[in-house]
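Just so you know, all these numbers are worked out from the coordinates, no wet-lab data involved. Quick caveat: nothing in here was measured; it's all calculated off a predicted structure. Glycine gets a Cβ as well: all are built from the backbone with ideal geometry, and neighbour counts include every protein chain shown.
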Amino acid sequence: MDEKKVELLKDGKRISGRAFDELREVKIKLGVLDEADGSSYIEWGNNKVIVGVYGPKEVIPRHMENPSKAILKCNYSMVTFCSKEEHGKMGPNRRSVELSKVIREALEGIVETNLFPRTQIEIYMVVLEADAGTRIASFLGAVAALLDAGIPIKDIAVGIAAGKVGGKVVVDLDKDEDNFGEADFPVALTRTGDILLLQMDGKLTKEEVEEALGLIFEKSEVLLSKLREAVEEKYSKEVVKELKFSNKIIK
Amino acid sequence: MLDEKTRIVLPGDVIREKVNRNEAGIVREENNTKYAMVVGMVREGKFIPLEHVYVPKPGDPVVGVVSGERRGIGYVVDLNTYYPGLILSRGLRIKLPLSSQIFAKVARIESGGNIVLTDVKRLPMGRVVDVPAAKVPRIIGRDMAMLKIIKEKTGVDIYLGFNGYIWLGRRGDVAKAIKAIKAIVSKAHIKGLTDEITEMLSK
């Protein structure tokens, strides 16, 4: 396929009009699903992700259980209508299997799994609309849903992507910058600066990686405060939820 | 809804205040410093968790529903927890048919994960309601004030389990009691709730 030359920088600015270190608008909402133990809804620019958390509960199938800690089961999936590109059926495919794995490994760094041996915690992430950066948006959603579920975690964490566009290091790439830019560099990190996820697509020099990490560390503060605001917002509103009768066993 | 004296705490925040609950699954300690592991709030020098998973400990009163029988061992009980409850048939004098509702105390937690129950009392068929475990202390209230009000004003028999199951008897105004519990669950973080509930139930 021919590489199309797309001009991603105009008059020293990105085509979206954002500055090099400017994030897209992020909205976080907690407790959107009634049936789930914890849930969240994320709007990150045009990305829309809904996350549900269930557990800790009995491991199925039984042979997967770990006698010393809980296992995490992450499921990332994109709905068929999530973007203009062809996405086909919603079942597991190469992309969703990879992203489920990297998000699970990132979450294993913060969830206190040793408190619930022989159990599983299920995290379902569904991308309703995709516009680059869905893995970090899903990760942020998963952390928010874990907070909502009350599952013990060591520290709050966020994900942010940096990249290289038109020879410049920028933060939070959108679809065009992701497709036609030179590099994509998603990172998830805790408040204390522990890196939970780090992937790279494209090429960056050592100096550029340092610059990108600097931007990511700086901008993670913005997302961490957004997460705190979302939790405060949940408890500032009066939400009357229906109580459920535990008649799952009563026949 | 939150007043100025209340501060929301997120996991990883340092807690210098007294922790008002069983610390398992709520707080972790590292180098003599306490860190929160769940969302909570600090009010009047106390840390109160707002969401948490119920971690059973010996002595906790629980409400459960019998979900099965293990021949020669005892009964399996649904406790709304990640491990099943187990009533050993040795020394047990009552029969527990499937789906009977019980009130018991946690004796011990086996290494295999089973929660062994003791002091089992079979309750007459009533309603078992599921609430988040973090809200149970609020339904009890200080010196059981809230629970007493609900019982007095509605005339319903109530058994509360720390696991988040609440048993309600058939006598009295059950619908009103459920409405009150619902209100407490959704407004648990608000101050002066006892008066509001009293007013609501007096109508």
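Normalised radius of gyration for chain B, please: alpha carbon Rg relative to 2.2 N^0.38 Å, two decimal places. Show your work: numbers first, answer last.
Numbers: Rg = 18.4 Å, N = 203, 2.2 N^0.38 = 16.6 Å.
Compactness ratio reported: 1.11.
Under 5 Å from the amide H of residue B:15 lie the amide H atoms of B:34, B:35, B:36, each residue being 5 or more positions distant or on a separate chain, with H modelled from the backbone and absent for Pro and chain starts. Bridgeable lysines around residue B:95 (alpha carbons under 26 Å apart, same-chain partners fewer than 8 residues away excluded): A:248, A:251, B:57, B:105, B:121.
Calculated on the Cα set of region B:7-49, radius of gyration then Dmax: 9.0, 25 Å.
Computed over region A:1-123, the alpha-carbon pair-distance distribution with 10 angstrom bins reads 11, 28, 33, 18, 9, 2, each value a whole percent. If you bin all the Cα-Cα distances of region B:128-202 at 10 Å, starting from zero, the percentages per bin are 20, 62, 18, 0. Given the options B:12, B:192, B:64, state which has the largest fluctuation in a GNM of chain B using a 10 Å cut-off (strictly under) for Cα springs. Per the Cα network of chain B with a 10 Å cutoff, B:192 tops the list. For region A:50-115, the list of GluC sites (Glu not before Pro) that fall in a loop by DSSP and count at most 11 other C-beta atoms within 10 angstrom reads A:85, A:86. For the protein assembly as shown, the mean residue ellipticity at 222 nm estimated from helices alone is -7500 deg cm²/dmol, where every DSSP H run of n ≥ 4 contributes -39500 (n - 2.57) and the total is divided by all residues, rounded to the nearest 500.
Rg and Dmax over the alpha-carbon atoms of region B:74-186 stand at 14.8, 43 Å. Within the listed set A:66, A:75, A:47, the Gaussian network model of chain A (springs between alpha-carbon atoms below 10 Å) gives the highest mean-square fluctuation for A:66.
Coupling constants for region B:32-37 follow from the phi torsions by the Karplus curve (6.51 cos²θ - 1.76 cosθ + 1.60, θ = phi - 60°), and in residue order they are 6, 10, 9, 10, 6, 10 Hz; glycine and proline get x.
Taking amide H as placed 1.01 Å from N in the peptide plane, the amide H of residue A:65 sits under 5 Å from none that are at least 5 places away or on another chain. If you find the alpha carbon centre of region B:21-82 and of region A:33-97, how far apart are they in angstrom? If we compute the Cα centre of each part, the gap is 26 Å.
In the elastic network of chain B, a GNM with C-alpha springs shorter than 10 Å, the most mobile of B:87, B:109, B:150 is B:109.
For region A:151-163, the Karplus equation 6.51 cos²θ - 1.76 cosθ + 1.60, evaluated at θ = phi - 60°, returns couplings of 7, x, 10, 5, 7, 6, 9, 9, x, 8, 10, 10, x Hz by residue, with Gly and Pro reported as x. Taking each of A:101/A:206; A:234/B:46; A:29/A:168; A:57/B:176 in turn, the alpha-carbon distance tops 25 angstrom for A:101/A:206; A:29/A:168; A:57/B:176.
Amide H to amide H, with H built 1.01 Å from N, residue A:170 comes under 5 Å of A:163, A:164, A:165, counting only residues 5 or more places away or on other chains.
Size check on the protein assembly as shown: the Cα extents along the three principal axes, sorted descending, read 80, 51, 46 Å.
Scattering from region B:1-75 was approximated by placing one identical point on each alpha carbon and applying the Debye formula without solvent; log10 I(q)/I(0) at 0.22, 0.24, 0.26, 0.27 1/Å stands at -0.99, -1.11, -1.23, -1.29. Separation of region A:111-177 and region B:135-197, taken as the distance between their Cα centroids, equals 38 angstrom.
For chain A, the longest principal axis of the alpha carbon atoms and the long axis of helix A:94-108 meet at an angle near 70°. For region B:93-100, putting each phi into the Karplus relation 6.51 cos²θ - 1.76 cosθ + 1.60 with θ = phi - 60° gives couplings of 9, 9, 9, 10, x, 4, 6, 7 Hz, in residue order, rounded to whole numbers and with x for Gly and Pro. Once you divide the Cα radius of gyration of chain A by 2.2 N^0.38 Å, the number left is 1.06.
Global size of region B:40-111: 15.5, 51 Å for Rg and Dmax (C-alpha atoms, Rg to one decimal, Dmax whole).
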